[in-house]
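Reviewing the structure listed below.
What follows draws every value from the coordinates through simple rules; no lab data is involved. This is a predicted model, so every value here is computed, not measured.
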């Protein structure tokens, strides 16, 4: 979906950690394309959807990523993308903030 441009990024706290929205979007895309099974932490039930939570490391810092698929569009929706606030257990191990 990312490669096809079927991506919607909600305004997240990630914008606080990058110099521009363009840089934040480029990083989000890079992370999504590189996601591996070991980065998966768990799924969460939201009001209308189920989202998947991942922990990734960017420049030696742990980041939190929450995504879901909007099947009506269809597109991948990035709900959250920000540095970790606490350790996150993933299939590949614990990611530290």
| Relative contact order (%) - criterion: Cα under 8 Å, at least six apart; region: region 1-54 | 23
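Just want to confirm a number: the relative contact order over the chain, from Cα pairs under 8 angstrom separated by 6+ residues, in percent. Each step should come with its number before you reach the end.
Values: 173 pairs, mean separation 29.2, N = 97.
With pairs under 8 Å counted, the relative contact order is 30 percent.
In region 7-95, how does Rg compare with the Kirkwood Rh, expressed as the Rg/Rh ratio over alpha carbon atoms? Please report the intermediate quantities before stating the final value.
Working: Rg = 12.6 Å, Rh = 13.3 Å.
Ratio value, two decimals: 0.94.
If you take the alpha carbon radius of gyration of region 1-45 and divide it by 2.2 N^0.38 Å, what ratio comes out, to two decimals? Provide the component values of the computation, followed by the final result.
On the way: Rg = 11.9 Å, N = 45, 2.2 N^0.38 = 9.3 Å.
The value comes to 1.27.
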| request: Starting from the Cα-Cα distance between residue 75 and residue 89, subtract it from 0.36 nm times their residue separation and give me the gain in nm to one decimal. | output: 2.4 nm
| Any idea how far the Cα center of region 1-49 sits from the one of region 59-97, in Å? | 7
